[in-house]
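The values are calculated or read from the model by the stated rules, or taken from the named source; none is laboratory data. Everything quoted here is computed from the prediction, not taken from an experiment. Here Cβ is always computed from backbone atoms with ideal geometry, including for glycine, and neighbour counts include all displayed protein chains. Areas reflect the complete protein model, heavy atoms only, side chains present, ligands, DNA and RNA absent. Shrake-Rupley method; radii C 1.70, N 1.55, O 1.52, S 1.80 Å.
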Amino acid sequence: MANTVWAYATSNHKAPNLFEAISQTAIAKLDKFDSQNMANITWAYAKSGHQASDLFEAVPEMAINKLDTFTPQAMTNTIWAYATV
């Protein structure tokens with residue numbers, strides 16, 4: 001899921017229905033996301049400009065338990081995403 005929205009955001013391809021469906025599914029599966037997936041998905045939503053406030057509220061609750069696994073790049077991308085939205 002994270003890689004899919006990352007690819008769409010990287011290519012500047014708008015797919016609002018896909019982004020909406022993935023955000024809802026991702027929230028339910030965040031406990032299975034690693035830190036890179038969390039970074040990629042938040043970056044993709046911020047880059048694409050797609051609003052996903054429920055997702056952005058849910059990620060920190062899961063990320064806090066995995067902070068020690070974030071690479072500097074993943075942490076930077078996640079912080080950028082939150083600063084951008």
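Below, the figures for the structure above:
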| quantity | calculated |
| --- | --- |
| The lone exception for residue 14 - which of (1) part of a helix (DSSP H, G or I); (2) open to solvent by 50 Å² or more (accessible area, probe 1.4 Å); (3) not hydrophobic (A, V, I, L, M, F, W, C) it fails | (1) |
| Within the range 17-57, tally of residues that are open to solvent by less than 20 Å² (accessible area, probe 1.4 Å) and either touching a Ser or Thr at 6+ places or on another chain (Cβ under 6 Å) or on the phi > 0 side of the Ramachandran plot (or both) | 6 |
| Meets criteria (assigned to a helix (DSSP H, G or I) and open to solvent by 80 Å² or more (accessible area, probe 1.4 Å)) for residue 65 | yes |
